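A.B. asks: This is the structure I have questions about; it appears just below.
Every number here is computed from the coordinates shown, using simple stated rules; none is lab data. All of these numbers come straight from a predicted model, not from anything done at the bench. Note that each Cβ is placed from the backbone with ideal geometry, even for glycine, and that neighbours are counted across all protein chains shown.
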């Protein structure tokens, strides 16, 4: 159960997209998200689909692997689709008792499902092609201007990368505590939902205690290694734009401009 | 004589327990008028069982704690002067007990680069230092691995590399082997001894394993916050009775030699290794 947590999973293939600067990919994700909600008409849809398909094939991440990420949001998608299906007013197609399915409802349910699917595919493409550290580095650099208005950008990105580093350690620890409690007769998958929730208490309390102890130790270790915040720090792997990145920016802007132009024209 | 790497005079540290309003309800002296001298380039061990104050002393060496009373100089710099803080931390590296809780990066080389990044080393030099220090601890081929996949001994060697990359004059190891299996323990000790020999780094090894300190240049034994014994390993281990009085485990060979001597055999004091014991016993037969 716990092994399924896949935050920040990285699928190395060494493709062009993997080699891009994380800032480009962050910007690209943003552009793609906008485009998914901004496209209009069948031509716009075709362009977005083509763009996504092209990105996936360039990234060399197997399509089947990407689909895996969709399973987790199946329920969410179903609920959204159902709401759209039944609650959109318009020309009635079928009516059962008080539930009406309208033509507009069917259309918007399909549109919503497609948008959500593309949304997930687009964002997971970013996490699959970027290591967590690159991602936090990229965020830090991209959000740097916010530091001027006293947003603790460096601290936030440091917290994120530490959190990512400790996920596997805490998962292992949870496993260990679970086994220790099971050895003493605790059961975690019996009874109704309240009973299940209650049985998690002896798991969560020691987990929290040890997480705090770890945090304390880590803070001391960081201090001992002269960590004193972002000022005066140098980077072992500084982010520098390559010509590839500029080309990618150009492609992204062109893509967005094309879609927006289509929206205006159509 | 050159400046001492570490010099403590009448060093006192008290932990103050407070109630909810912040009023002190109890004080506990973790260090009680400690005097210590450690020469540059030496390998010094500080022994003591749990609660003897040895870890508190270690934290003082890196200015993670400040003295309540008395003075501590690290490389000639007073640790109670906050202007010296970063200089001292840069010059004395610290390796802790739990290997998982001191690795910050999610890739080995990024973790080793963390210290140099903090002290503002230029990028090219960071790469050079990372490579050199990973080589020094024999972990170069794991540079792009995730630390989660390494064994305890390997993680601890990465932690040591992270300290070495800051090019400290002195490395303090606070029970670095307590959570390791015997193999990992050997790995770490070998690495530390090599650093001491090849790079001339002063090593301060804090431990409660007697077996680890037989190769040290000098030993301090601590109990209840005070230094109760000091001397070379041979001097320390020849006083088996007083070691036992301070609840220290004496190495088996030394204990065996001691018992044999008590039983009437004419053996010298302070036998540290199996070879020495065999030699001494062979002499007896003649």
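A.B. asks: Taking chain B as the reference, fit the longest principal axis to its C-alpha atoms, fit the long axis of helix B:252-262 to the helix C-alpha atoms, and give the angle between the two in degrees, 0 to 90, nearest 10.
C.D. replies: The angle comes out at about 30 degrees.
A.B. asks: Continuing with this model, one more query. Rg and Dmax of the range A:114-266, Cα atoms, in Å?
C.D. replies: Computed over the Cα atoms of the range A:114-266, radius of gyration and Dmax are 22.5, 69 Å.
A.B. asks: Specify whether the C-alpha gyration tensor of the range A:21-71 places it in the rounded, prolate or oblate class, a ≥ b ≥ c being the square roots of the eigenvalues: rounded for a/c under 1.5, otherwise prolate if a/b is larger than b/c and oblate if not.
C.D. replies: Oblate shape, in that a/c is at least 1.5 and b/c is the bigger or equal ratio.
A.B. asks: Limiting things to C-alpha atoms, what are the Rg and the maximum Cα-Cα separation (Dmax) for chain A, in angstroms?
C.D. replies: So, for chain A, Rg and Dmax equal 23.4, 70 Å respectively.
A.B. asks: May I pose another question? In square nanometres, what is one fourth of the surface area of the convex hull spanned by the alpha carbons of the range A:151-233?
C.D. replies: The Cα convex hull of the range A:151-233, projected and averaged over all directions, gives 7.4 nm².
A.B. asks: Return the single residue from A:182, A:112, A:158 with maximal mean-square fluctuation; model: Gaussian network over chain A, springs between Cα atoms under 10 Å.
C.D. replies: Residue with maximal mean-square fluctuation among A:182, A:112, A:158: A:182.
A.B. asks: Run the paramagnetic zone check for residue A:167: 7 angstrom along Cα to Cβ, then residues of the range A:47-77 with backbone nitrogen under 14 Å.
C.D. replies: In the range A:47-77, the label zone of residue A:167 (backbone N under 14 Å from the point 7 Å along Cα→Cβ) covers A:69.
A.B. asks: Right, another one. Compute the Cα gyration tensor for chain B, then decide on rounded, prolate or oblate, letting a ≥ b ≥ c be the square roots of its eigenvalues: rounded whenever a/c is under 1.5, prolate when a/b is larger than b/c in the other cases, and oblate in all that remain.
C.D. replies: In terms of gyration-tensor shape, oblate.
A.B. asks: What list do you get for A:64, B:190 if you sort them by fewest beta carbons within 10 Å?
C.D. replies: By the 10 Å Cβ count, ascending: A:64, B:190.
A.B. asks: Using r as the Cβ-Cβ distance of residue A:205 and residue B:181, and R0 as 35 Å, what FRET efficiency do you calculate, to the nearest 0.05?
C.D. replies: The calculated FRET efficiency here is 0.75.
A.B. asks: As an exercise, find the ratio Rg/Rh for the protein assembly as shown from alpha-carbon atoms, using the Kirkwood inverse-distance average for Rh.
C.D. replies: 1.10
A.B. asks: Moving on to the next point. How many percent of Cα pairs in the range B:6-149 exceed 24 Å?
C.D. replies: I get 47 percent for the Cα pairs in the range B:6-149 exceeding 24 Å.
A.B. asks: Take the Cα radius of gyration of the range B:182-279 and divide it by 2.2 N^0.38 Å, with N its residue count; two decimals is plenty.
C.D. replies: This ratio for the range B:182-279 stands at 1.15.
A.B. asks: Helix B:123-136 sits at what angle to the longest principal axis of chain B, using alpha carbons and giving 0 to 90 degrees rounded to 10?
C.D. replies: 20
A.B. asks: Determine how many Å³ per residue the convex hull of the Cα atoms of the range A:200-266 encloses.
C.D. replies: Looking at the range A:200-266, the number lands at 221 Å³ per residue.
A.B. asks: Between residue A:263 and residue B:64, what's the calculated FRET efficiency when r is the beta-carbon distance and R0 is 56 Å? Round to 0.05.
C.D. replies: Plugging the Cβ-Cβ distance into 1/(1 + (r/R0)^6) gives 0.40.
A.B. asks: In addition: What's the exposure ranking of A:144, B:155, going from fewest to most Cβ atoms within 10 Å?
C.D. replies: Placing the least packed residue first, the sequence is A:144, B:155.
A.B. asks: Note down the nm distance, to one decimal, between modelled labels 7 Å out along Cα→Cβ at residue A:112 and at residue B:190.
C.D. replies: A separation of 6.4 nm, rounded to one decimal place.
A.B. asks: Helix B:274-285 versus the longest principal axis of chain B: what angle, 0 to 90°, nearest 10, using Cα atoms?
C.D. replies: 10
A.B. asks: A further question on this structure: Consider all pairwise Cα distances in the range B:37-81 and report the whole-number % of them above 18 Å.
C.D. replies: Tail fraction, whole percent: 33.
A.B. asks: Only counting other Cβ atoms within 10 Å, I'd like A:173, B:175, B:125 sorted with the fewest neighbours first.
C.D. replies: Ranking A:173, B:175, B:125 by Cβ neighbours within 10 Å, fewest first, gives B:125, A:173, B:175.
A.B. asks: With N residues in the range A:42-98, what two-decimal value do you get for its Cα radius of gyration over 2.2 N^0.38 Å?
C.D. replies: In units of the globular-protein estimate, the range A:42-98 measures up at 1.65.
A.B. asks: Now a separate question. Among A:70, A:99, A:121, which one shows the highest mean-square fluctuation when chain A is modelled as a Gaussian network with alpha-carbon springs under 10 Å?
C.D. replies: Of the options given, A:99 has the highest mean-square fluctuation.
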